[in-house]
Amino acid sequence: MNIALAILWKDLITEWRARDRVIAMLLFSLLTAVIFYFALPDQRPETLRALTPGLLWTAYLFAAILGLNRSFALELENEALSGLALAPGGRGWIFLGKMAANFILLSLVQVLTALAFAIFYGIDFGSSIGELSLTIGLATLGICSVGTLLAAMAVRTRLREVLLPILLLPALVPILAGAVRATLSVMAGEELPFSAIQLLIVIDGIYLVVSFLGFDYILDE
Amino acid sequence: MTQNTNSSSHPTASLHEGLSPLEERVGRWRVFVGVGLALVTIVYAWAVVQAPVDSSQGIIQKILYVHPPLAYGAYLGFVITAIGGFLYLWRGREDFDRLAVSGAEVGVLFCTLMLITGPIWARGTWGRWWSWDPRLTVTLLLWFVYLAYLLLRSFAGPGPRTARFAAVYSMVGLVLIPLNYYVIEIFDNRSMHPDNLEKGSLGDGMGWPFLMGNLALGFAFVYLLLLRWDVEARRLFERRREAEQDVDQ
């Protein structure tokens, strides 16, 4: 448990000092929001409102992939990854620390991206902020758990940045389906659909367990 | 496996070095399966030709004798990959990893053929090539997962690390199958895909060509799996031999 906290702290401090990963993710998702605007069939308010959940989640996924790709890049230098593998205690805890750091950084980017969507697309997120946060939090937990596992693999292959989205996107389809469905309902002023939340919780549970156990085989000396 | 200490002078002896007892038998099994495949294929071809033409769908209905057996093979391949991966992680035996990669490649082949034959049938019957039907969607996603699996293997190069990566990824792929079905059950339960055969959708005289189709493609699946497994095992032998030659020089 201490290992997880130590890794989390280390990753957050490193990011605070460099601030490169969050800024890159944020700029990227803001640019995505701008590009989507020009890709839409028309710019009427109702069109924007209807398409925002899907576009928002697409921006989130792309930003997540960008950030996850860099999650282990630093650890490659000076064989730091081997050092991590030699740390006493289970490697699953290393995974949890890394995953938590990714979760926090991505959540920060998500909040700022949502703000940008609210301003650019004239969307009012304020009335359903609680339900929306729950949805985004659950989906991001799933994205970060399987994403951290696969990023640790992809970083040690040839063409690493290319491989991660190919490995990760099929695994994110169920999360995207649940998250978009829940966001659509919330933004339409309806109640949070229980089935979507249930689905996200089940996926989170499964991905956390698989990644926690699988990470043991991903790190090596 | 071999008592020879100087194995490099006995190529046939060193061929089996590092192979599991299971793999030593793979080549022999393959011959038997190949003979069975040849015999069954002849009967199968004849059965499909003489099977009655469907009164409503016409000749295109005969894809039924190819398409579902391909689907069974595809799923079987992916399950074999996951089982092989799991056994590799659990027992650490390399032959299980070689079984896993064989399952993935044959599974991708069957899945690709299924994704080609399906739309041809759909164009003739539904009037369009594709529909976002639950079964189609899940199969397409699964196809992507196992292509990614093969890509991961090729980008990571040979070695135990790749085997471990691939095994873990095949576990992720396996949990995705029920998860995707769950997603579709909840959100989009409109299915156009014909139901399974227990419900009696086969007309008179169509049952046994279908059975032969399953048998023939089942044999083809096993044959290709064993062939691929054998190839993978021989590759290991080649790598060892090259390494030995390097040492000799």
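Read-outs throughout are calculated quantities, based only on the coordinates presented, and are distinct from any laboratory measurement. Quick caveat: nothing in here was measured; it's all calculated off a predicted structure. Cβ atoms come from the backbone with ideal geometry, glycine included; neighbour counts cover every protein chain shown.
For peptide B:167-176, what's the mean number of Cβ atoms from other chains within 10 Å of each residue's Cβ?
6
Comparing A:Leu86, A:Leu168, A:Leu56, which has the greatest mean-square fluctuation in the GNM of chain A with Cα pairs linked when under 10 Å apart?
Result: A:Leu86 has the largest fluctuation of those listed.
Note down the net charge around A:Ile166, summing +1 for each Lys or Arg and -1 for each Asp or Glu among other residues with Cβ under 15 Å from its Cβ.
Result for the neighbourhood of A:Ile166: +2.
Could you work out the mean count of beta carbons from other protein chains within 10 Å of each residue's beta carbon in A:172-185?
Partner Cβ neighbours, averaged per residue: 3.
Looking at the square roots a ≥ b ≥ c of the eigenvalues of the Cα gyration tensor of chain B, which shape do they give, rounded for a/c under 1.5, prolate if a/b is larger than b/c, or oblate?
Cα axes put chain B in the oblate bin.
Compute the angle between helix B:160-187 and the longest alpha-carbon principal axis of chain B, please, reported from 0 to 90 degrees and rounded to the nearest 10.
20
How big is the charge dipole of the protein assembly as shown about its Cα centre, in debye rounded to the nearest 20, if each Lys and Arg gets +1 on its Cβ and each Asp and Glu gets -1 on its Cβ?
That gives a dipole near 380 debye.
Give me the dipole magnitude in Debye, nearest 20, for segment A:2-218 about the Cα centre, with unit charges on the beta carbon: positive for Lys and Arg, negative for Asp and Glu.
The dipole magnitude comes to about 440 debye.
State whether segment B:32-79 is rounded, prolate or oblate according to the following rule on the C-alpha gyration tensor (a ≥ b ≥ c being the square roots of its eigenvalues): a/c under 1.5 gives rounded; otherwise a/b larger than b/c gives prolate, and the remaining case gives oblate.
oblate
Residue farthest toward the positive end of the dipole of segment A:2-218, with Cβ of Lys/Arg at +1 and Asp/Glu at -1: which of A:Asn2, A:Ile203, A:Trp57?
Towards the positive end, the residue furthest out is A:Asn2.
What do you get for the angle between helix B:94-125 and the principal long axis of chain B? Use alpha-carbon atoms, 0 to 90 degrees, nearest ten.
Long axis of B:94-125 versus the principal axis of chain B: about 20 degrees.
When only C-alpha pairs under 8 Å and at least 6 residues apart count, what is the relative contact order of chain A, in percent?
This gives 29 percent for chain A.
Enter the angle in degrees (range 0 to 90, nearest 10) between the Cα long axis of helix B:67-91 and the first principal axis of the Cα atoms of chain B, meaning the one along which they spread out most.
With rounding to tens, the tilt is 30 degrees.
Answer rounded, prolate or oblate for the protein assembly as shown, using the Cα gyration tensor with square roots of eigenvalues a ≥ b ≥ c: rounded when a/c is under 1.5, else prolate when a/b is larger than b/c, else oblate.
Judged from the Cα gyration tensor, the protein assembly as shown comes out oblate (a/c at least 1.5, b/c at or above a/b).
Hydropathy first: keep DSSP H helices in chain A averaging at least -0.5 on Kyte-Doolittle, then drop any whose Cα extent along the axis falls short of 30 Å, and list what survives.
The answer, listed by residue number, is A:45-71, A:91-121, A:129-154, A:160-187, A:194-218.
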